[in-house]
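Here's the structure, in structure tokens; my notes come after.
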Amino acid sequence: QPLVSIIIWVYNVKPYLRRCLASVREQTYRNLEIILVDDGSTDSSGILCEEYALADDRVKVLHQSHANVSVARNRALDICQGQYLVFVDADDYLLPDMVALLYTKLVQYAADIAACESLIINLRGKEISEQHRRDICVYENNKECLFALEGRKENIALWGKLYRTALFQQVRFNEAVFCASDTLVWPQLYPHLHKLVAINQCGYVRVMRPGSLMSFDKFSANIFERLKVRSL
């Protein structure tokens with residue numbers, strides 16, 4: 001199994017962090033590098049990260065003064081060693097076979113990105129939405145990939161996907177932007193993206209809570225206009 005790097009930005013998420021990290025450590029795909037970037041947490045999330053690093057040698061912890069998610073992800077990208085890459089939000093969690101499923105399909109279809117379906121729940125565990133495709137979908141050129149991403153605003157989130165790390169070789173997040181770094185990185189990724197496979201199985205559970213950075217509505221309106229210009 002090639003090494004898969006999992007990058008998790010951690011900032012004041014102690015009530016959710018154990019569940020997230022347990023779901024990552026218990027993946028059926030075992031060859032993982034788990035990079036936790038503690039962004040100056042004040043609720044002892046950073047201490048919890050160190051506890052997991054002592055318990056599992058796959059866990060690496062970076063600490064920084066509070067900046068933002070973009071700075072944290074860039075630091076992780078600078079040191080990650082995996083051939084493949086997954087982004088996880090620290091208040092969410094993975095189903096046990098998410099990485100294995102995505103890796104299998106990415107290799108089978110020789111894709112740059114493999115995406116799974118997501119389940120969105122509230123803090124009480126009540127399902128808000130669950131998306132299911134009827135079939136596996138493969139998009140084989142830039143315009144088709146753009147169409148796939150534009151289908152639902154959740155599609156432009158970084159979570160719920162496995163990436164070839166080579167896509168990020170010359171791509172970094174805009175550190176001047178505190179939120180919506182997911183949407184703003186796509187114009188950089190898009191020119192290097194040749195094939196995307198989307199599977200019809202759920203692998204990622206998104207937890208909606210007050211204060212989370214799920215801000216697609218504000219930014220997604222113009223992101224696809226910028227992408228479309230590149231596709232002409």
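Hey, among the residues in region 134-179 that are within 25 Å of residue 2 (Cβ to Cβ), open to solvent by 70 Å² or more (accessible area, probe 1.4 Å) and not basic (Lys, Arg), which one's modelled with the highest pLDDT?
If we take residues in region 134-179 being within 25 Å of residue 2 (Cβ to Cβ), open to solvent by 70 Å² or more (accessible area, probe 1.4 Å) and not basic (Lys, Arg), then 166 is modelled with the highest pLDDT.
Mind telling me which of the residues 187, 191 ends up being within 18 Å of the chain's Cα centre (by Cα), in a helix (DSSP H, G or I) and modelled with pLDDT of 50 or more?
Residue meeting the stated conditions: 187.
Just checking, which of 35, 8 is at pLDDT 95 or above, closer than 16 Å to residue 204 by Cβ and buried (at least 21 other Cβ atoms within 10 Å of the Cβ)?
Within the list 35, 8, the selection yields 8.
Just checking, how many residues over region 1-45 are acidic (Asp, Glu), under 18 Å from the mean Cα position of the chain (by Cα) and part of a loop (DSSP other than H, G, I, E, B)?
Residues flagged as acidic (Asp, Glu), under 18 Å from the mean Cα position of the chain (by Cα) and part of a loop (DSSP other than H, G, I, E, B) within region 1-45 amount to 1.
Condition check: surrounded by 15 or more Cβ atoms within 10 Å (Cβ to Cβ), at pLDDT 90 or above and not acidic (Asp, Glu). Does residue 197 satisfy that?
In short, yes.
Restricting region 39-64 to residues that are touching a helix residue (DSSP H, G or I) at 6+ places or on another chain (Cβ under 6 Å) and among the hydrophobic types (A, V, I, L, M, F, W, C), which is nearest to residue 5 (Cα to Cα)?
Looking at residues that are touching a helix residue (DSSP H, G or I) at 6+ places or on another chain (Cβ under 6 Å) and among the hydrophobic types (A, V, I, L, M, F, W, C), I get 59.
Just one of 118, 70 is more than 16 Å from residue 8 (Cβ to Cβ) and open to solvent by less than 70 Å² (accessible area, probe 1.4 Å); which is it?
Every option except 118 fails the conditions.
Residues in region 106-133 that are at pLDDT 90 or above and over 17 Å from the mean Cα position of the chain (by Cα): how many?
Result for region 106-133: 4.
Can you name the condition, by its number, that residue 99 falls short on among (1) in contact with a Ser or Thr (Cβ under 9 Å, 6 or more places away or on another chain); (2) open to solvent by 10 Å² or more (accessible area, probe 1.4 Å); (3) not basic (Lys, Arg)?
Residue 99 satisfies all of (1) in contact with a Ser or Thr (Cβ under 9 Å, 6 or more places away or on another chain); (2) open to solvent by 10 Å² or more (accessible area, probe 1.4 Å); (3) not basic (Lys, Arg) except (2).
If you scan region 65-124, which residues turn out to be acidic (Asp, Glu) and touching a helix residue (DSSP H, G or I) at 6+ places or on another chain (Cβ under 9 Å)?
Answer for region 65-124, where residues must be acidic (Asp, Glu) and touching a helix residue (DSSP H, G or I) at 6+ places or on another chain (Cβ under 9 Å): 89, 91, 92, 112.
The values are calculated or read from the model by the stated rules, or taken from the named source; none is laboratory data. Just so you know, these numbers come straight off a predicted model, no measurement behind them. When we count neighbours, we look across all protein chains shown, and the Cβ atoms used for this are built from the backbone with ideal geometry, even at glycine. Only protein heavy atoms, including side chains, enter the accessible area calculation; ligands, DNA and RNA are left aside. Shrake-Rupley method; radii C 1.70, N 1.55, O 1.52, S 1.80 Å.
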